[in-house]
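Below is one structure, written out as structure tokens, with a few remarks after it.
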Amino acid sequence: MTYQTLHLTCALNLSFLVLAACSPPPTDPSAPVLKADLYITAKGIYSGTREKADLKDIAVENGSIICTSGAKSCAKHIGENTKTVDFDGYVYPGFTDSHAHLLGIGQREMTLNLEGTSSITDLKGRVQSYMDQLPQDQPIIGRGWIETHWPENRFPTREDLDAVSTDRAIILSRSDGHASVANSKALELSGITAQTEAPFGGDILRGRNDAPTGMLIDTAQGLVAALIPAQTADRNREAYIKGGEVYSGYGWTGLHNMSVAPGDVAVMQTLSQDGDMPLRIFNSLNYEASAPDVLSANTSNINARVTTRSIKLYIDGALGSRGAALLEPYDDDPGNRGLILLKKDEAMEIFKSSLRNGTQVNTHAIGDRGNRIVLDWYEEAFAAVPESERAVKDPRWRVEHAQILNLDDLDRFKSLGVIPSMQPSHAIGDLHFAPARIGVERLKGGYAWQSLLDSGVVIAAGSDAPVERGDPRIEFYAAVARKDQSGFSGDGWYPEQAVSRLNALKMLTLWPAYASFREDVLGTIEVGKIADFTVFSDDIMTIDEADILTVKPVATVVGGKVTGE
Ligand SMILES: [Zn+2]
């Protein structure tokens, strides 16, 4: 029995479950060698389990890896119909964004994209030129501004936008999606006055005589939602297609799609079946009335491109807009400890039924109080529903962001079996203003990647796009450098929380697979696994830190299908 035939038999048995389930094949030297449909060589290939480019070639058949070797010995699988590719670059396990919003990524391409806005003056200029291109009767909807670097050093106001237009509604969301600014027309059409009370979980910022400034925080954004043109089925589909194109082009092979409307799952499934979705998608649904039905309909078929088995909840807001729930008040806003968006009795009902049904729970928590509450409630739910009553013994629940942790809570992720799902790019953006918000002392538990790894957990890393650009190079760079894109790092950045390159790679490949229950079939380049690969032009595991940001995404391979080559 040769090395290859062992692999072969395993590959032919591809029910995919566990490789260990493969029994040794009977010895038959005359048995024909399975021909691959794809054979890959490159400047270097990383299995993703070691620091080195440890493979020379890969053979793929029917979407699965049937051979890997350190000596081009998979070449015997080349047959007449084998597509052979020699990539001008380095092959890595498929990069997966553990937290992104695919619809929003597509929509960002379809509305006013305010990414990179440098000042309030710039914001006004962009709105003006966008407005000039739009039909008169349409409101101006934009997203992506962030004020933390602006020379004006303040939030935009309705007066700023009124300078552009007082007769057309303008609504511009902050890049984190946790706040929006509206002009006077938008406030008027929505009936928002000095007397309007903020809804639960939201805030209406006010100026003189309690008049709204135009800034709406968290759920208060819902007050102007009726002005935003309805997302028609066609526009929805178009946004998903655009999102898939953009993301695949960046080099991602998959994403964990957060805060998904249950009705959108069918859209993604259709696109995927029709070959119009170049990504492997793991959906986490908004908790809406139809969510339980969609979840129970979607069995966790691990070979499917679209898997839906999670729900997404929010305990608090974001640090930038001071909505993150803190144990002690904000340093720059004494008296404010942030917002709690979830009611305990409602959460506990959802948590308990999720344990019984095998639904993974992903809860957004940014502040130290938000994180502590989520861990407390998870712990209570785990105690209330013992393993014997659970559909999935190890439920792998997640805390999305896990940004600011009280040091006393750091080890609780490990003891509870909870996965921190974190965004390296948030750290290198937020750390510019986080010391002013909460001080350097509290930041000891901020974006604490290495401390969490030391505690024995894995981290599923992602970008939270469209909050961030959603570029795997930026996420990888941020994780290993912990400096901003210009190389800056300052007081309170805690450089010791940067991670090794191998850990950064795992945070974007193997550990997302674990966080979606698929580490047996995804996340590394090993025989029996699904052929999902990311190809970059250079070796991100060895080149200078700063050069990581400029490597080129060469191609992706998803289920053995090469895209962008
Ligand atoms: Zn998000």
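Read-outs throughout are calculated quantities, based only on the coordinates presented, and are distinct from any laboratory measurement. Predicted model only: the values in this text are computed from it and were never measured. Every residue, glycine among them, receives a Cβ derived from its backbone with ideal geometry; neighbour counts consider all protein chains shown.
Of note:
- Distance from region 307-381 to region 173-197 (C-alpha centre basis), Å: 25
- DSSP beta bridges in region 139-227 [antiparallel fraction, %, rounded to 5]: 65
- Neighbour counting of Cβ atoms within 10 Å sorts the residues Ser73, Ser425, Ser415, fewest neighbours leading, into Ser415, Ser73, Ser425.
- Contact order, relative form, for the chain: 17 percent (alpha carbon pairs under 8 Å, 6 or more residues apart, mean separation divided by residue count).
- Each other residue within a Cβ distance under 12 Å of Met268 adds +1 if Lys or Arg and -1 if Asp or Glu, for a net charge of 0.
- Only DSSP H runs of four or more residues enter the estimate; each adds -39500 (n - 2.57), and after division by the residues of the chain the mean residue ellipticity at 222 nm equals -8000 deg cm²/dmol.
- Cα→Cβ-extended label distance, 7 Å offset, between Glu197 and Lys52, nm: 6.8
- Summary of the geometry: region 62-80 and region 483-498, compared by the centres of their Cα atoms, lie 42 Å apart.
- Each Lys or Arg adds one and each Asp or Glu takes one away; over the other residues whose Cβ falls under 12 Å from the Cβ of Ala220, this sums to -2.
- Radius 9 Å from Cβ of Tyr39, net charge of other residues (Lys, Arg +1; Asp, Glu -1): -1
- Overall shape of the chain was characterised from the C-alpha gyration tensor. The equivalent ellipsoid obtained from it has semi-axes of 42, 26, 23 Å, in decreasing order.
- The alpha carbons of region 41-107 occupy a box of 45, 32, 21 Å along the principal axes, longest dimension given first.
- Computed log₁₀ I(q)/I(0) - Debye formula, equal Cα scatterers, no solvent, region 233-522, q 0.06, 0.07, 0.11 Å⁻¹: -0.18, -0.25, -0.63
- Ordering of 191-201, 472-482 by packing [mean C-beta count within 10 Å, highest first]: 472-482, 191-201
- With each label modelled as a point 7 angstrom along the Cα→C-beta vector, the Lys344-Asn286 pair spans 2.7 nm.
- Placing pseudo-labels 7 Å out from each Cα toward the beta carbon at Ser388 and Asp274 gives an inter-label distance of 5.0 nm.
- Residue exposure sequence - Lys344, Lys124 - by fewest surrounding Cβ within 10 Å: Lys344, Lys124
- Listed residues Leu285, Gly370, Ser296: farthest to the positive end of the dipole of region 233-522 (Cβ charges): Ser296
- Here the gap between Lys444 and Leu407, fully extended at 0.36 nm per residue and compared with their Cα-Cα distance, gives a gain of 12.6 nm.
- The chain, dipole about Cα centre (Lys/Arg Cβ +1, Asp/Glu Cβ -1), debye to the nearest 20: 840
- For region 50-147, the normalised intensity computed at q = 0.14, 0.16, 0.18, 0.19 Å⁻¹ comes to -0.71, -0.78, -0.90, -0.97 (log10 of I(q)/I(0), Debye sum over alpha carbons, equal scatterers, no solvent).
- Once the Kirkwood radius over Cα pairs is known for region 139-227, the Stokes-Einstein relation at 4 °C and 1.567 mPa s delivers a diffusion coefficient of 101 µm²/s.
- Cα shape, region 243-387, gyration tensor, a/c 1.5 rule: oblate
- Taking the DSSP beta bridges with both ends in the chain, the antiparallel portion is around 45 percent.
- Segment Asp454-Ser353, extension gain: residue separation times 0.36 nm, minus the distance between their alpha carbons: 33.1 nm
- Footprinting exposure proxy for Glu496, Glu115 (fewest neighbouring C-beta atoms within 10 Å first): Glu496, Glu115
- Model label zone, Thr148; criterion: amide N under 19 Å from point 7 Å along Cα-to-beta-carbon; scope region 101-134: 101, 114-120, 123
- Among 212-218, 313-319, 261-267, 79-85, the order from most to least packed when residues are scored by Cβ within 10 Å on average: 313-319, 212-218, 261-267, 79-85
- Relative contact order computed over region 139-227 (Cα-Cα under 8 Å; 6+ residues apart), in percent: 27
- If R0 equals 30 Å, the separation of the Cβ atoms of Asp210 and Leu189 corresponds to a calculated FRET efficiency of about 0.95.
- FRET efficiency estimate (nearest 0.05) - Cβ-Cβ, Lys72 to Leu134, R0 45 angstrom: 0.20
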